[in-house]
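Heads up, the thing below is written out as C-alpha cells.
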Amino acid sequence: MSEFKKKILSDSLFDLIPAWSSEFAPVKTVFSAVESNDLENPREPLLLKGAINHWPAIKKWTFEYFLEKYGTLEVVANLYSGKNRIKIKLNKLLDQILSNSDNAPYLQEWWYELDYPELLDDIIIPQYFLDDFSSKFLDFKNSHLWIGGKSSSTPFHQDETAGHVWSAQICGIKHWIFINPDIRVLDSDLIDFSVKKFNHKFNGAIKYTEVLPGDILFLPSNWWHSVHSSEPTITLRNVYVPQSLAKQYFQGLFKLSLTLALKRDSELQINPHLRYQLETFCEKLDLILRKSN
C-alpha cells in the first residue's frame, strides 16, 4: 500500500458515522442476489442481506473457537501499519480484542487456507462468485480473514490490484463508506475529510452502509472505500476476478511483484503468505510463457 493510501483519518471521524448515515447515499440492498443482475456488470457497491446465514461458519467461527483451536498460531498483525507491525500469538491478539482495548492489534489478511485448510469446509462460496479467474489460475482461493477490535479501521484507499471484492461478515458490525472511482480524490480531501465538504464538492457522491453478521458486502473494482468496526469483528474478505478483469488483475500482480522486489523484499519477509502467492503467480506465468514459445 502506497504512502498516499496509508493516510489515516482521525478516530473522531468514525465516532460520528452512525449520526452521518442520513447524510450519505445508501448502498443498494438486495435479498436474493441469485435473482439479481447487479453482479453481472457491477457499477456500484451492493449489500447482500443474509447471504451467508446458512454457512456453518456463522455459528462455528466465534472468538472462543479460534482461541481454543488455533490460539498457538503466530500471525502478523497491523500488516498495513508500517512500524506498528507485530508478530503475535493468535490467543494473545484475541485476548486484547475481547478486552475491548482501543489499541488491540488488527489481524489483516490472514491467509487461513495455508495454515488450516479445514476452515474451508465451513464456508460455501456463493454460485455467483464461483467463476473466479484468479482461483482457477493460481489453484487457491484468494480469501483472507480479518479479525479486529472495536476501534479497528481502514483509511480511504483503492485496492492495489483490479478485481472485485466480496466481504462476508461473520461476527460484529462494520461500517463502510464509499466514493465512486470516477471522482478525482485529492490527498488533501482525505486528510481533511468532511462530510459536508464532500457532499457539496461531489454532489452527494458518498455512499454508506452497515454490514451485519450474515451479510455480504460486494465492492466493485477501483471504488474508494473506508471501513470501521464498532465492535470486535470477524470478516472473510474474498477477491473475485471475472474473465473481463483477468488481464488488469494480473498486470496489477506483476506490478506489485516488481514493487516489492525494489523494496528489497522487506514486505515479503514479514508476510510469507504474500511471498507464496507471488511466487505461485510467477511460476504460473513462467509456464505460460514457456508454452507460448
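The values are calculated or read from the model by the stated rules, or taken from the named source; none is laboratory data. Bear in mind that the values here come from a model prediction, so they are computed numbers and not experimental data. We place every Cβ from the backbone using ideal geometry, glycine too, and count neighbours over all the protein chains shown.
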Query raised in the report: Would a scan of region 88-100 turn up a residue that is outside any helix (DSSP H, G or I) and closer than 25 Å to TRP224 by Cβ?
Result: no
Requested in this report: Could you grab me the full set of residues in region 97-121 that are at pLDDT 90 or above, surrounded by fewer than 17 Cβ atoms within 10 Å (Cβ to Cβ) and either aliphatic (A, V, I, L, M) or touching a Pro at 6+ places or on another chain (Cβ under 8 Å) (or both)?
Outcome: LEU98, LEU120, ASP121
Query raised in the report: What are the residues in region 135-175 that are among the aliphatic types (A, V, I, L, M) and either touching a Gly at 6+ places or on another chain (Cβ under 6 Å) or modelled with pLDDT under 80 (or both), if any?
Result: LEU138, ALA162
**Report entry** Output for region 157-171, where each listed residue is buried (at least 21 other Cβ atoms within 10 Å of the Cβ) and in a strand (DSSP E or B)
**Finding:** HIS164, TRP166, ALA168, GLN169, ILE170
Query raised in the report: Is it true that ASP182 is free of Cβ contacts under 8 Å to residues at least 12 places away in the same chain and of a type outside the set (Phe, Trp, Tyr)?
Result: yes
Query raised in the report: Considering region 101-126 alone, what residues qualify as being more than 20 Å from the chain's Cα centre (by Cα) and not in a loop (DSSP other than H, G, I, E, B)?
Result: GLU118, ASP121
Report summary line: Checked region 202-229 for anything of a type outside the set (Phe, Trp, Tyr), buried (at least 18 other Cβ atoms within 10 Å of the Cβ), modelled with pLDDT under 95 and part of a loop (DSSP other than H, G, I, E, B); matches are PRO220, SER221
Query - So ILE183, is it modelled with pLDDT under 65 and either more than 24 Å from ALA168 (Cα to Cα) or surrounded by fewer than 12 Cβ atoms within 10 Å (Cβ to Cβ) (or both) - result: no
